[in-house]
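The block underneath contains the structure these notes are about, expressed in structure tokens.
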Amino acid sequence: MTGPGVPGAGSDAAGAVAADALSTAQDSVTVVGAMTPHVDTVLSPGARRFVAMLHRRFNPTRESLLRRRAEVQAHIDAGGSLDFLADTAGVRAGQWTVTPAPHDLTNRRVEITGPTDRKMLINALNSGATGYMADFEDANSPTWENMVEGQANLRDAVAGTISFTNPDGRVYALDDRVATLLVRPRGWHLVEKHVLVDGQPVSASLFDAGLFLLHNAVQLRDRGSDPYFYLPKMQSHLEARLWNDVFDVAEAELGLAQGSIRATVLIETLPAAFEMDEMLYELRSHSAALNAGRWDYMFSSVKTFASRDGDVFPDRQKLTMTVPFMRAYTELLVRTCHRRGAHAIGGMAALIPNRRDAEATEAALAGVRADKQREAGDGFDGTWVAHPDLVGVAREEFDRVLGAQPNQLGRLREDVDVSAAQLLDFASAGHVVTETGLRNNVSVSLRYLTSWLAGNGAVAVFNLMEDVATAEIARSQLWQWLHRGAALPGGTRVSRAMLTEVEADEAAKFRAELPPGSHEAGLLEEARSLFGGLVYSDTFVEFLTLPGYELLG
């Protein structure tokens with residue numbers, strides 16, 4: 001795995017290093033995280049040098065782009081709005097396409113997502129899905145152990161040597177045929193506090209992507225594939241340009257052909273919806289697809305205009321993909337992708353089938369089928385699921401539309417013409433807020449935050465797989481309802497007194513379900529404190545992971 005310009009690249013090339021070698025004055029890289037079992041190989045000297053090189057080269061631009069985010073938000077807070085960019089009109093009008101997809105990204109009709117723990121990774125790769133997105137971001141609690149062990153697990157999976165023995169003796173190993181691997185690093189706004197470069201926490205994006213590339217890129221190439229990424233939380237094409245520059249440098253350093261690294265951009269922030277063409281353009285030779293990251297998109301729609309008075313969003317259960325502003329977003333995504341020769345990947349089906357309640361599960365599955373039928377009918381080339389039992393359901397709906405074709409790139413959707421006003425038509429979702437919806441948001445927030453603090457980023461709550469994105473919707477809606485005094489159907493206004501009473505009630509219910517003395521029972525009050533800072537604060541907290549990360553080991 002040693003590549004030109006990266007002495008000792010690869011987890012095995014340099015061999016294991018002693019604990020005291022993980023902090024050296026020579027390269028000014030300090031690992032302050034605990035010595036978990038695989039730190040010495042995941043953070044080998046070659047790995048530290050590679051990540052440090054990326055950080056030193058690209059972190060100044062990352063920080064500049066984060067300042068630009070703040071400037072754009074200040075403009076909106078002051079009464080400005082969002083629109084398609086005038087200075088990139090030529091890109092949107094141009095006749096260009098991205099580089100065609102490699103063979104193992106041609107058919108993406110069902111992708112499964114999940115964190116990188118060993119058993120789940122094996123099950124996801126064996127699930128029968130066409131792709132598996134290994135998630136260091138929303139489905140992951142970024143404890144130091146999770147980040148290091150996740151990289152070790154991906155390294156073993158790429159090598160084909162990964163296995164897991166359950167406490168009951170069952171052994172899990174990879175099948176002969178597995179899903180195509182894609183990896184989602186953390187977003188540009190996050191850092192990895194356990195690794196310091198020149199005394200500064202390293203960019204989490206560069207840490208996650210850099211380690212995966214360093215340990216696996218050459219092995220993937222030699223096995224007939226390449227490194228594939230999902231890129232989260234971007235807000236502008238300039239942030240996509242930064243990723244493109246990172247990929248160009250990484251390819252040169254690792255001896256990969258230009259364009260080997262491919263990226264699917266998650267359109268999961270409201271500003272990004274106005275720059276889809278531009279993002280594909282910036283990543284042209286590295287572009288693979290755009291994904292409708294709908295849960296984060298709903299959260300971003302609340303967050304972007306949080307400081308502005310106006311109508312509130314309705315209960316989360318009413319924010320479906322059929323409301324007009326969400327239809328405008330997804331149809332524009334399909335049109336944009338297919339015009340540029342890129343794949344369009346649909347949103348997450350978060351249902352967890354309840355095998356003890358067949359009737360309830362079948363009713364929920366009917367909703368999943370309808371959702372995937374709509375996506376396939378709209379021209380999407382694939383979709384996401386959160387549970388292996390949903391792979392077959394989603395595949396059936398896409399098979400009905402695609403047949404033997406691997407994708408729908410030929411459906412250009414020239415009938416679609418979406419305006420900025422349609423993307424911003426939040427009133428089309430309605431405004432009804434109920435006590436049931438409020439209680440659900442409080443309960444989901446408390447349960448998720450407790451599990452997240454315990455190190456689990458993908459949490460089953462009320463038969464749905466909740467992750468950071470869905471928790472963000474819950475807490476952002478509560479903030480909006482509280483600070484805008486949303487009225488319940490009877491006319492009662494949401495107040496702090498009401499919310500604190502509901503919070504105490506839902507916390508008591510959750511505590512009663514937890515085993516006395518359990519780790520999570522001990523974290524519930526810490527989760528309530530985090531919840532309070534997110535919901536009762538006068539200013540809207542940009543991401544729950546920012547204050548939350550300070551509480552993690």
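Evaluation of Asp27 against the conditions (1) modelled with pLDDT of 95 or more; (2) within 25 Å of Val246 (Cβ to Cβ) shows that the sole unmet condition is (1). Number of residues in the range 269-325 that are among the small types (Gly, Ala, Ser) and either within 24 Å of Val433 (Cβ to Cβ) or in the same structural domain as Leu488 (by TED's automatic domain parsing) (or both): the value is 5.
Which count do you get for residues in the range 456-465 that are under 16 Å from Ala134 (Cα atoms) and in contact (Cβ under 8 Å) with a residue 40 or more places away in the chain? Walk me through it before giving the result.
Start the filter on the range 456-465 by keeping residues that are under 16 Å from Ala134 (Cα atoms), which leaves 456-459, 465.
Filter once more, keeping what is in contact (Cβ under 8 Å) with a residue 40 or more places away in the chain: 456-458, 465.
Residues that pass the stated criteria total 4.
Among the residues of the range 499-520, those that are free of Cβ contacts under 8 Å to residues at least 24 places away in the same chain and either in a loop (DSSP other than H, G, I, E, B) or buried (at least 16 other Cβ atoms within 10 Å of the Cβ) (or both) comprise Leu514, Pro515, Pro516, Gly517, Ser518.
Considering Arg62, Arg49, the condition of being closer than 18 Å to Ser203 by Cα, at pLDDT 95 or above and out of contact with any helix residue (DSSP H, G or I) (no Cβ under 8 Å at 6 or more places or on another chain) is satisfied by Arg49 alone.
Taking the range 165-188 as the range and being touching a Leu at 6+ places or on another chain (Cβ under 6 Å) and in contact (Cβ under 8 Å) with a residue 60 or more places away in the chain as the test, only Ala179 passes. Of the residues Ala370, Ala404, Ala376, the single one that is more than 30 Å from Ser81 (Cβ to Cβ), outside any helix (DSSP H, G or I) and of a type in the set (A, V, I, L, M) is Ala404.
Of all the criteria given as (1) part of a loop (DSSP other than H, G, I, E, B); (2) buried (at least 24 other Cβ atoms within 10 Å of the Cβ), the one not satisfied by Val312 is (2).
Residue by residue, here is whether (1) surrounded by fewer than 21 Cβ atoms within 10 Å (Cβ to Cβ); (2) of a type outside the set (Ser, Thr, Tyr); (3) within 23 Å of Glu268 (Cβ to Cβ) holds:
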site	(1), (2), (3)
Leu438	no, yes, no
Trp452	no, yes, yes
Asn456	yes, yes, yes
Glu466	no, yes, yes
Arg475	no, yes, yes
His483	yes, yes, no
Ala486	no, yes, no
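Leu523: surrounded by 13 or more Cβ atoms within 10 Å (Cβ to Cβ) and closer than 18 Å to Gly310 by Cα, yes or no?
On the way: surrounded by 13 or more Cβ atoms within 10 Å (Cβ to Cβ): yes; closer than 18 Å to Gly310 by Cα: no.
When the stated conditions are applied, Leu523 does not pass them.
Only residues that are part of a helix (DSSP H, G or I) and either within 19 Å of the chain's Cα centre (by Cα) or within 23 Å of Leu66 (Cβ to Cβ) (or both) were counted across the range 236-269, and they come to 14.
Just a yes or no: is a residue in the range 408-417 farther than 27 Å from Ala129 by Cα and either in contact with a helix residue (DSSP H, G or I) (Cβ under 8 Å, 6 or more places away or on another chain) or among the hydroxyl-bearing types (Ser, Thr, Tyr) (or both)? Looking through the range 408-417, at least one residue is farther than 27 Å from Ala129 by Cα and either in contact with a helix residue (DSSP H, G or I) (Cβ under 8 Å, 6 or more places away or on another chain) or among the hydroxyl-bearing types (Ser, Thr, Tyr) (or both).
Of a type in the set (Phe, Trp, Tyr), farther than 21 Å from Ala288 by Cα and either surrounded by fewer than 22 Cβ atoms within 10 Å (Cβ to Cβ) or in contact (Cβ under 8 Å) with a residue 40 or more places away in the chain (or both): does that describe Phe426?
On the way: of a type in the set (Phe, Trp, Tyr): yes; farther than 21 Å from Ala288 by Cα: yes; either surrounded by fewer than 22 Cβ atoms within 10 Å (Cβ to Cβ) or in contact (Cβ under 8 Å) with a residue 40 or more places away in the chain (or both): yes.
When the stated conditions are applied, Phe426 passes them.
For the range 379-386, check the following and say yes or no: at least one residue is surrounded by 14 or more Cβ atoms within 10 Å (Cβ to Cβ), touching a Lys or Arg at 6+ places or on another chain (Cβ under 8 Å), modelled with pLDDT of 95 or more and of a type in the set (Phe, Trp, Tyr). Break it down stepwise before answering.
Keep residues of the range 379-386 that are surrounded by 14 or more Cβ atoms within 10 Å (Cβ to Cβ), which gives 379-386.
Retained after the next criterion (residues that are touching a Lys or Arg at 6+ places or on another chain (Cβ under 8 Å)): 379, 381-383.
Remaining after also requiring modelled with pLDDT of 95 or more: 379, 381-383.
Now narrow it down to the ones that are of a type in the set (Phe, Trp, Tyr): none.
Checking the range 379-386: not a single residue is surrounded by 14 or more Cβ atoms within 10 Å (Cβ to Cβ), touching a Lys or Arg at 6+ places or on another chain (Cβ under 8 Å), modelled with pLDDT of 95 or more and of a type in the set (Phe, Trp, Tyr).
Any residue at all in the range 174-193 that's under 30 Å from Ala471 (Cα atoms), surrounded by fewer than 15 Cβ atoms within 10 Å (Cβ to Cβ) and in the same structural domain as Leu214 (by TED's automatic domain parsing)? If you could, list the steps in order and put the result at the bottom.
Of all residues in the range 174-193, those under 30 Å from Ala471 (Cα atoms) come to 179-193.
Checking which are surrounded by fewer than 15 Cβ atoms within 10 Å (Cβ to Cβ) leaves us with none.
No, the conditions are met nowhere in the range 174-193.
Listed by position, the helices (runs of 4 or more DSSP H) contained in the range 67-164 that have at least 2 residues being in contact (Cβ under 8 Å) with a residue 60 or more places away in the chain, surrounded by fewer than 20 Cβ atoms within 10 Å (Cβ to Cβ) and assigned by TED's automatic domain parsing to the domain that holds Leu390 are 89-93, 144-159.
Whenever a residue of the range 536-553 is in the same structural domain as Gly522 (by TED's automatic domain parsing) and under 16 Å from Thr450 (Cβ atoms), its partners that are surrounded by 14 or more Cβ atoms within 10 Å (Cβ to Cβ) and basic (Lys, Arg), lying with C-beta atoms within less than 7 angstrom and at least six residues away or across chains, give the pairs Leu544/Arg475. I'd like to check something: does the range 321-334 contain any residue that is buried (at least 19 other Cβ atoms within 10 Å of the Cβ) and modelled with pLDDT under 95? Checked against the condition, which is being buried (at least 19 other Cβ atoms within 10 Å of the Cβ) and modelled with pLDDT under 95, the range 321-334 yields no hits at all.
Of everything listed in (1) of a type in the set (S, T, N, Q); (2) surrounded by fewer than 19 Cβ atoms within 10 Å (Cβ to Cβ); (3) part of a helix (DSSP H, G or I), the single unmet condition for Ser300 is (2).
The values are calculated or read from the model by the stated rules, or taken from the named source; none is laboratory data. Everything quoted here is computed from the prediction, not taken from an experiment. Backbone-built Cβ (ideal geometry, glycine too); neighbour counts: all protein chains shown.
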